Each structure stands twice: as C-alpha cells, then as structure tokens.
Amino acid sequence: MADIEAETAPPQGPPKRMATEAAALRWFLSLAADVIIFGFLATLWLSNAANAAAVAVHWACVEDSRAAAFAREFAKASSFTTALLFVAALLLLRRRASRNALAREIGRDEGTKRPATQSPENTRGRRGRDGLCGPVTTPIIAFFLVLLAVGVLMEGLAPAKGSCASRVGSMLTDIGCFVTSVLFCFVIFQTF
C-alpha cells in the first residue's frame, strides 16, 4: 500500500533544471530590457548632439552644401531612431517601476499592504532637491524653449519663405535648438 501511495503522490516541486532555466531566462530578459533602455538614452544624447551639429553646420556652411545636407539627414535619422526606442523604453521603464513598487511592499496586516518607508536622504536620488537641472539651468532652458517655439511660429506664419519674418524665425529656431541641445548633452544628461 505504501508503494502505491509513493507512486501516485504528486511531485514535491519543479525540477532544479527548470528552475535554473527560468532564472536564466529572467536574467536574459532583464539584460535585454537594460540594453533597450540604455540604447534609448544613448540615441537621445546622439539625437541632441546631431541637432546641435546640424545647426552649427548650417551656420558655418552654405545651406545647400553637402555637409549641411548630411548633418540634416543624420539628425533626422537619429531622431527617428530615438522615437522608435522611446516607445519600447517607456513600456519597459513603466513595467520596471511597477515591479519595483511591488517589491518595496513590506508586509501584510490582515490583507492590507503598506509601502516601505525611506529615509529623507534617499528619496532625492542623484538629482538632489532642485529638480532635474537645478535652479540656474531651469530658467535658461525654459527661455530657450520659448525662443524655439516663437521661432517655429514665426517661420510657420511668415507670408513668404524669404521674408524678414521667416529669416528671423529661422534664426530664433536655430538658436533655441542649438542651445537646448547643448544644454541637454552636457548639463541635463549628466543627471541620468
């Protein structure tokens, strides 16, 4: 009778091989997610650098030169790649944030969950208490983003392509794009 119970008893857990394969798959998927997220950050930096380079080449060379055309095409391609990776990185970051929030939950007291408590010095991270870019850089970036928006509006609403309003709008757009791209590459990106 003991032999029959031993043969019909359910297994006591998954085999170790399946557990190690599942752990390896989780590690590989986590690594792939990290590659996509850091690839997005790299293309974001490259896109801003390419935009700044395209504006600089536009100022230094004739608008119809080969260098200006190459810089514009490279900036477009890097921006397109950044847009493609943005969707995937956003989904992965959102999933990772929800998993981290779930992992931070400490215990259950009669079915209720309470979040983990953090010390005040750990809540700010690398950015500090002044936000993403600090108290000096934020107004500068806001000013140049407004300048960029005004330039785009002036270019779009200009009566003719070569008119004075179109040229001023183009100049404001170039200045706003160049400064915000340089600030992103060398000031804001350092906080990530």
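General remarks:
- Label point distance in nm, residue 24-residue 61, each placed 7 Å from Cα along Cα→Cβ: 5.0 nm
- Per residue, the range 137-192 exposes 58 Å² of solvent-accessible protein surface, assessed with a 1.4 angstrom probe and all protein chains in place.
- Ordering of 77-90, 56-69 by packing [mean C-beta count within 10 Å, highest first]: 77-90, 56-69
- Couplings 3J(HN,Hα) for the range 28-36, derived from phi with the Karplus relation 6.51 cos²θ - 1.76 cosθ + 1.60 (θ = phi - 60°), are 5, 5, 5, 5, 4, 5, 5, 4, 5 Hz, where x marks Gly and Pro.
The values are calculated or read from the model by the stated rules, or taken from the named source; none is laboratory data. These numbers were taken from a predicted model, which means no experiment stands behind them. All Cβ positions, glycine included, derive from the backbone under ideal geometry; neighbour counts span all protein chains shown. Quick note on the areas: whole protein, heavy atoms, side chains included, nothing else; ligands and nucleic acids left out. Shrake-Rupley method; radii C 1.70, N 1.55, O 1.52, S 1.80 Å.
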